[in-house]
Amino acid sequence: MDTGLVVAIVVVLVLLALLAFFAGRQRRSRNLQDTFGPEYERTVEQTGDRRAAEAELRERTERREQFDIVPLEAEARARYIEAWRNPQARFVDEPVEVTREADRLITSVMRDRGYPVDDFDQRAADLSVDHPQVVDDYRAAHAIAAANDRSEASTEDLRQALVHYRSLFEELLEDRQDRHPDRSTTE
């Protein structure tokens, strides 16, 4: 076989391999963007590097797959809905305490669903896999709650925190198996 032909074939095979590699990487990036939505861009911005961000998001997904996240039983769901109504109705008179109660209630729902709840940053990262559209709300509410603990939050800030908590609360109470069809046997 002619040496020139062999070189040409090797070059074509190397180019095809490179093309397949970059196409696969682009497809994985697009899948992560679709899955994580705004959380993808937030993670890229936070890490300062797209590859590092994507590695982190893949790690989150792998960590999340280790959990047995379950929907709430109907009784627990009804109990949580009622528990949410009580502080919400008292907000005008007790905004500081109601904000604290909302934070505790979110943590309780997460625990009952099967999420680890020890560390806030890890909790938010874990939630981002299943609830990427509202995890920023959770972070914002938590930041306001921290300001509240330092007596630095206005009533309007606390109202906004409650709105943020409610968006996550509603997501956590829903049975959203359609988000991860491959997990339907465990959720």
Legend entry - Yes/no for residue 135 being open to solvent by less than 40 Å² (accessible area, probe 1.4 Å), within 23 Å of residue 152 (Cα to Cα) and either at pLDDT 95 or above or not polar (S, T, N, Q) (or both): yes
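Here's the yes/no breakdown for (1) modelled with pLDDT of 80 or more; (2) within 19 Å of residue 127 (Cβ to Cβ):
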residue: 7; (1), (2): yes, no
residue: 18; (1), (2): no, no
residue: 22; (1), (2): no, no
residue: 27; (1), (2): no, no
residue: 37; (1), (2): yes, yes
residue: 43; (1), (2): yes, yes
residue: 47; (1), (2): yes, yes
residue: 51; (1), (2): yes, no
Inset, instruction - Could you figure out which of (1) crowded, with 18+ Cβ neighbours inside 10 Å; (2) out of contact with any Leu (no Cβ under 9 Å at 6 or more places or on another chain); (3) without any contact (Cβ under 8 Å) to a residue 24 or more places away in the chain isn't true of residue 87? - result: (2)
Legend entry - Every pair of residues 6+ apart whose Cβ atoms lie under 6 Å, when the first sits in the stretch 36-57 and is closer than 17 Å to residue 26 by Cβ while the second is open to solvent by 30 Å² or more (accessible area, probe 1.4 Å): 40/33; 44/50; 53/47
Inset, instruction - Specify the residue that is nearest to the chain's Cα centre (by Cα); the eligible residues are those in the stretch 61-75 that are over 13 Å from residue 116 (Cα atoms) and open to solvent by less than 50 Å² (accessible area, probe 1.4 Å). - result: 61
Inset, instruction - Please give the number of the condition residue 146 fails out of (1) under 30 Å from residue 47 (Cβ atoms); (2) in contact with a Ser or Thr (Cβ under 8 Å, 6 or more places away or on another chain); (3) not aromatic (Phe, Trp, Tyr). - result: (2)
Inset, instruction - Sort through 99, 47 and tell me the only one that's among the polar types (S, T, N, Q), closer than 21 Å to residue 143 by Cα and buried (at least 16 other Cβ atoms within 10 Å of the Cβ). - result: 99
Legend entry - Residues of the stretch 107-117 that turn out to be without any contact (Cβ under 8 Å) to a residue 40 or more places away in the chain and farther than 21 Å from residue 43 by Cα, as a count: 3
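Within the stretch 38-47, does at least one residue satisfy the condition of being over 19 Å from the mean Cα position of the chain (by Cα) and more than 29 Å from residue 156 (Cα to Cα)? Steps first, please.
Of the residues in the stretch 38-47, the ones over 19 Å from the mean Cα position of the chain (by Cα) are none.
Scanning the stretch 38-47 turns up no residue that is over 19 Å from the mean Cα position of the chain (by Cα) and more than 29 Å from residue 156 (Cα to Cα).
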Inset, instruction - Could you tell me whether residue 32 is in contact (Cβ under 8 Å) with a residue 12 or more places away in the chain and part of a helix (DSSP H, G or I)? - result: yes
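The values are calculated or read from the model by the stated rules, or taken from the named source; none is laboratory data. Owing to the predicted nature of the structure, the values given are computational and were not obtained by experimental measurement. Cβ coordinates were reconstructed from backbone atoms using ideal geometry, including for glycine residues, and neighbour counts include every protein chain displayed. Calculation scope for accessible area: heavy atoms of the full protein, side chains included, ligands and nucleic acids excluded. Shrake-Rupley method; radii C 1.70, N 1.55, O 1.52, S 1.80 Å.
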